[in-house]
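Encoded as structure tokens, the structure appears first; notes follow it.
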Amino acid sequence: MTRHVTWRPQRSASGRGPVAYDGPVGRPGSAIAWLLAFTLVACAGVAAARGWWLSGVGALVAAGLLWRGHPRARFATYVLLTVVAVRAALAGSVVVVVLAVAAVLALQTPSARA
């Protein structure tokens with residue numbers, strides 16, 4: 001059974017407050033979101049094995065948001081991948097920089113935005 005959930009902005013009681021998310025979220029509709037979510041889980045495992053706990057937790061949070069189809073999942077993934085790319089560039093790991101940039105470019109495709 002497919003469950004469609006929409007994002008309904010909610011204003012504060014005065015009507016002028018910030019927009020807040022209300023309700024559960026759906027599942028990602030694109031294969032790119034699934035692929036990136038599973039890739040981020042693998043990255044979290046690598047980060048945990050190397051002792052990079054903050055990166056591991058960040059990757060798990062971003063993967064969970066992507067898997068659930070949260071409205072801010074892509075933003076969280078952009079932030080995480082940017083930090084990973086900068087850290088890899090400072091460490092001199094060209095392969096990790098290329099992979100992070102490829103993942104960011106994959107997030108730009110129309111199917112990832114759906």
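Structure above, values below:
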| quantity | calculated |
| --- | --- |
| Relative contact order (%) - criterion: Cα under 8 Å, at least six apart; region: the stretch 45-113 | 20 percent |
| Phi to ³J(HN,Hα) by Karplus 6.51 cos²θ - 1.76 cosθ + 1.60 over the stretch 43-55, Hz, x for Gly, Pro | 5, 5, x, 5, 5, 5, 5, 8, x, 8, 5, 5, 5 |
| Full-extension gain in nm, residue 72 to residue 111, via 0.36 nm per residue minus C-alpha separation | 12.4 nm |
| Rounded to whole Hz, the Karplus (6.51, -1.76, 1.60) HN-Hα couplings of the stretch 80-94, x for glycine and proline | 4, 5, 5, 5, 4, 5, 5, 5, 5, 5, 5, 7, x, 9, 5 |
| Protection proxy ranking, peptides 36-43, 59-66, average beta carbon neighbours within 10 Å, highest first | 59-66, 36-43 |
| Backbone N within the stretch 80-114 under 12 Å of label point (7 Å from residue 54 Cα along the Cβ vector) | 83-84, 87 |
| 5 Å-binned pair-distance histogram of the stretch 53-100 (Cα, whole percent) | 5, 25, 25, 23, 14, 7, 2 |
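No lab work stands behind these numbers, since they all come straight from the coordinates. Computed from a predicted structure; not experimentally measured. Cβ: placed from backbone, ideal geometry, glycine included. Neighbour counts: every protein chain shown.
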